[in-house]
1. Pairs of Cα atoms under 8 Å, at least six residues apart: use those to get the relative contact order of the chain, whole percent.
2. Amide H to amide H under 5 Å from Ile254: which residues, 5+ apart in sequence or cross-chain, H placed 1.01 Å off N in plane?
3. What residues have an amide H closer than 5 Å to that of Val102, excluding those fewer than 5 places away on the same chain, when H is modeled at 1.01 Å from N in the peptide plane?
4. In nm, to one decimal, how far is the modelled label at Val314 from the one at Trp345, with both set 7 Å along Cα→Cβ?
5. Tell me which trypsin sites (Lys or Arg not before Pro) from region 306-395 have a DSSP coil assignment and no more than 10 other beta carbons within 10 Å of their own.
6. Do any trypsin sites (Lys or Arg not before Pro) in region 85-185 lie in a loop, going by DSSP, with at most 14 other beta-carbon atoms within 10 Å of their beta carbon, and if so which?
7. Set the Förster radius R0 to 51 Å, insert the Cβ-Cβ distance between Ala105 and Arg381 as r into 1/(1 + (r/R0)^6), and round the FRET efficiency to 0.05.
8. Take every Cα-Cα pair in the chain and report what % of them are more than 38 Å apart.
Amino acid sequence: MNGFIPITDDVFYVGVNDRETHLFENMWPLPKGVTYNSYVIKDEKNVLVDTVKVTKMALFLQKLRGLLDGSTIDYLVINHMEPDHSGAILEIVRNYPDVKIVGNAKTFDFLKGFYDIDENLYEVKDGDELVLGKHTLRFYLTPMVHWPETMMTYDIGEQILFAGDAFGGFGSLDGGVFDDEVNIEYFENEIRRYYSNIVGKFGPMVQKALKKLDGLPIKVVASTHGPVWRSNPKRIITSYDRWSRYEADPGVVIVFGSMYGNTEKMADYVARRLAEYGVKDIRVMSSSTTHDSYIINEIWKYKGIIFGSCTYNVGLFPPMESLIKNLSHKGVKNRVYGVFGTYGWSGGGVKTIMQYIENNKWPLVADEVEVKLTPSEEDYRKLDTLAQKMAESIL
Ligand code: FEO
């Protein structure tokens, strides 16, 4: 976006697109880019809510100057200190030296640590309010959505929730900024990929935050990433509630690691049998060619997960190990699992997956199927049982 965009008469979007960064947090692919959303409330006291990544500072300052037209920023509210939002703070302080920085005690730990700022601070606690003139802001501490200092800011009169990372996702805003200006399905998949990979580990804390906000009239959800929800904010709040309760649809993700096609052959066989048993949503994904974040996104959607792996150096095929380790870290719940795999001269792949299954207490729908080199008729019968039990478990 090149300019500032009004949300109401006094509240403006001043976020920026980033189509240059390849990896969010230097890990998660950004094929559709990302936005860093920031907002201005104009009143007797002007407020800036969150900033942007340091690389986008010049454009950001240009927008602010255009919007403020010589007036100052009185308060900078920091909902979240991760540098994709706090990166421009130092420059804001340099340009607006009297600005008071609004945050909670934990915000200020990060502020001192990252930027050596410990002056002009205005500390708020959960439920505190700040009067700006016509507008009054209320602060909700929502720790671990996504970092310990995370909070949300609610404009009481406008009923706008400035939500930090919550409700946001990957994808640049290519013209349309509001949910009613874009094809929202285009963004929803990337919002779930953001949620499942960045925030998903903290499902119980997201639930706490949602309970805190329960009953609050919300006309607009203004996240720090992705579209601003002004026509149907309930849609994204409901999705967040489902994802953080680990609700899932009756589908199956088969993720496999295969060097020469024998394990992939088993994956395709299980997928076909699942379809015959009535499962309509089946995703067969190669851990070698698909980034973990896309696989985890699908896993967040579906109830059944089947791992299939070849053996590599008497252990698990490394791309599968990366995926399963990453998934263990996310703490996804309410799923059922199946396992199959191959080996050449000694086992290792299936055995290692089974250790992860045991350590995470992931429930298996059927015995694991381990095959030497390529499946026999007897092995296919076992895979058939696995598919049948999986279908029964999820449908
Ligand atoms: Fe968008 Fe947790 O930063």
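We did not get these values from a lab; they are worked out from the coordinates using the rules stated. Predicted model, so just to flag it, every value in this text is computed and none were measured. Cβ: placed from backbone, ideal geometry, glycine included. Neighbour counts: every protein chain shown.
1. Dividing the mean separation by the residue count of the chain yields 11 percent.
2. Arg283, Val284, Met285, Ile306
3. Leu76, Val77, Ile78, Tyr122
4. In this crude spin-label approximation the distance works out to 1.2 nm.
5. Lys361
6. Sparse-neighbourhood loop trypsin sites (Lys or Arg not before Pro): Lys125, Lys134.
7. 0.25
8. Result for the distance tail: 29 percent.
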